[in-house]
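Participant: Dumping the structure here so I can ask a few things about it.
Just so you know, all these numbers are worked out from the coordinates, no wet-lab data involved. Fair warning: this is a prediction, and the values are worked out from it, not measured in the lab. Quick reminder, even Gly has a Cβ in these numbers, built from the backbone with ideal geometry, and neighbours come from all protein chains shown.
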Amino acid sequence: MTRSGRGRRIGHGAAGLPDHVDVLVIGLGITGAGVALDTITRGLTTLAVDAHDLAFGTSRWSSKLVHGGLRYLANGQIGVAHESAFERGILMEVTAPHLTHAMPMLVPLMSSVSPVVGGLTRAGLVAGDLLRRSARTSRETLPGPRRVSATETLRIAPGLRPEGLRGGLLSWDGQLEDDARLVANVARTAAAYGAHVRTRARVVTATGTGVELRDELTGETRTITAKAVINATGVWAGELVDEITLRPSRGTHLVLRSGTFPDLRATVAAPVPGSTSRFVLVMPQPDRTIYVGLTDEPVEGEIPDVPTPSETEIGFLLDVVSAAFTRPLRRSDVVGAFAGLRPLIDAGDGSTADISRKHAVLTSRTGVVTIVGGKLTTYRRMAQDAVDCAVATVGLDAGPCVTATRPLLGAAPRDELARLEHPERLVRRFGTDAALVLDNARAVSGLGDDELLAPVSDDIAVTLAELVFGVTHEGAVDVDDLLDRRTRIGLVAADREAALPLARRALELACGVAH
């Protein structure tokens, strides 16, 4: 693989694929992409497919956080908490420094937060910092927690209600530039190492030794055999392996304009009235929006391709945040909303909020290895465990897992990233590959940098250069791929409409065909 990633690129459809591979991976969310990277770097020939697109399912509907495990520690899940902290450190310091950054998180000590609850929260933050130390994540990456005065609390979050405010608890966790961008980066890295990565290729049936694959662009079907088949389809895992039973829950987020709470300098954990441990997060984003979330609602019946937030959930989030800020939120403040389904493993009869976030590797009667449960932060370990199982079950001749020490394409130490003389947005999203993105756009379009780097609008920072790269290097087929997954413009309907002409132009430049 070249560091610029000019090896095999992400493609679509089923044409040109080999008839046989060592490992066939089903699903190209973060876990499936992680499995593909793990297998190819162990020296196994790999094909990874998805019926839709990269990050089409749950992986693009997260809170965009790289959790250190604090919430799991509070629930007594010590092993899960340590694993989360360890994987957070790998993401932030080794594999993806370019896509992650330290996120300040503020718990305001309001009148609704009793001194007892405040004390428990502070103890939890100290325990979380012990997790950071046990994972050997540096203080430079994640500073330690501290108590702040009421004055500093209002400086960090000017919109908070000052009445009864006793100060705040400030801590740090990891935040992603974009969860879908992480998926694309992992998938592109796997392809650059030599994996076949294809979207619009649906697995119709699967066994432990092969699949029937349908090209969703042409309708043609073909059979591909494999020594091992790994099912990484998340909440849809049971549709391929009927022995799998999950208990999904829906987590909903709202999207607000950054001007709703101007000068917000940290994620605010707004306490849920009547609860001693639940908070709603108000999270500033790099794209001039704010996410508010999240809920935890059981889901019954058929699993939709794209979950829909309920008005009840939206109202709940608005009410909790309005109780913490002086500016009451109205339904008209919500410019977008999204919901994701967690593929949870039911550990008992409790609510989905109490279900373990552990992951599990299961092998079906026909030999399909399925990875379920878990969370975005621990995708790398989930992939490692799934591949370890497949290697042991089938007896594959594979090398050891190396993904904990192999940076993704574009990754570099933070001080090196800071010295790059490229547009700041491209560095944030592509790291050291920012030059490749711009050079590629120049070569494809023949346009100058002024046109390639011009933002769609004052509210939409996306550029033509990155959209072209989404087509040429990241397998985007249509405007939905570009606006909903290679970028997140589609979260706001009005922004999506404004960006449509630029997306269509990128497709025309990259493909030479009007879409």
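Participant: List, in order, the whole-Hz ³J(HN,Hα) value for each residue of the range 234-249 obtained from phi through the Karplus relation with A = 6.51, B = -1.76, C = 1.60 and θ = phi - 60°; use x for Gly and Pro.
Facilitator: Calculated HN-Hα couplings, in order: x, 5, 9, 4, x, 6, 9, 10, 6, 7, 8, 10, 10, 10, x, 10 Hz.
Participant: Ranking request for peptides 107-113, 448-454: highest mean number of other beta-carbon atoms within 10 Å first, then the rest in descending order.
Facilitator: 107-113, 448-454
Participant: Now a separate question. Out of every Cα pair in the chain, what percent are spaced more than 40 Å from each other?
Facilitator: Roughly 19 percent, once rounded to a whole number.
Participant: Among 101, 410, 218, whose Cα projects farthest towards the positive end of the dipole of the chain, with charges put on the beta-carbon of Lys, Arg (+1) and Asp, Glu (-1)?
Facilitator: In the chain, that residue is 101.
Participant: Kindly provide the trypsin sites (Lys or Arg not before Pro) of the range 424-479 that DSSP labels as loop, not H, G, I, E or B, and whose Cβ sees at most 12 other Cβ atoms within 10 Å.
Facilitator: Passing sites in the range 424-479 do not exist.
Participant: If amide H atoms are built 1.01 Å from N in the plane of the peptide, which residues on other chains or at least 5 residues away come under 5 Å of the amide H of residue 336?
Facilitator: 255
Participant: Arranged from highest to lowest average of other beta-carbon atoms within 10 Å per residue, in what order do the peptides 22-32, 463-473, 323-333 appear?
Facilitator: 22-32, 463-473, 323-333
Participant: Would you please put 385-398, 77-90, 181-194 in order of how densely packed they are, using the mean number of other Cβ atoms within 10 angstrom per residue and starting with the highest?
Facilitator: 181-194, 77-90, 385-398
Participant: Taking the dipole about the Cα centre of the chain, with the C-beta of Lys and Arg at +1 and of Asp and Glu at -1, give me whichever of 325, 291, 164 is farthest to the positive side.
Facilitator: Sorting the options by dipole projection puts first 164.
Participant: Name the residues whose placed amide hydrogens come within less than 5 Å of the amide hydrogen of residue 201, ignoring near sequence neighbours (fewer than 5 apart) on the same chain.
Facilitator: It is 13, 50, 51, 52, 216, by chain and number.
Participant: Let me ask something else. Which cross-chain or sequence-distant (5 or more) residues have an amide H under 5 Å from the amide H of residue 65, H modelled 1.01 Å from N in plane?
Facilitator: Under 5 Å from the amide H of residue 65 lie the amide H atoms of 176, each far enough along the sequence or on another chain.
Participant: Work out from phi, with θ = phi - 60° and the Karplus expression 6.51 cos²θ - 1.76 cosθ + 1.60, the ³J(HN,Hα) of each residue of the range 211-227, listed in order in whole Hz, and give x for Gly and Pro.
Facilitator: 9, 9, 10, 10, 6, 6, 8, 10, x, 6, 10, 7, 9, 10, 9, 8, 6
Participant: Related question: With contacts defined as alpha carbon pairs under 8 Å and 6 or more residues apart, what's the relative contact order of the chain in percent?
Facilitator: Relative contact order, the chain: 21 percent.
Participant: If you don't mind, there's one more thing I want to ask. Sort out for me the Cα centre separation of the range 168-243 from the range 465-515, rounded to whole Å.
Facilitator: Measuring centre to centre over Cα atoms gives 21 Å.
Participant: Further, regarding this structure: Mind checking the log10 I(q)/I(0) for the range 1-116 at q = 0.19, 0.22 Å⁻¹? Debye, one equal scatterer per Cα, no solvent, two decimals.
Facilitator: The calculated log intensity ratios at q = 0.19, 0.22 Å⁻¹ are -1.25, -1.41.
Participant: What net charge is computed for the residues neighbouring residue 187, neighbours being all others with C-beta under 12 Å from the C-beta of residue 187, Lys and Arg scored +1, Asp and Glu -1?
Facilitator: Cβ neighbours under 12 Å give a net charge of +4.
Participant: For the range 414-511, divide the Cα radius of gyration by the Kirkwood radius and give the resulting Rg/Rh value with two decimals.
Facilitator: 0.95
Participant: What's the local net charge at residue 328, with K and R +1, D and E -1, over the other residues with C-beta under 13 Å away?
Facilitator: +2
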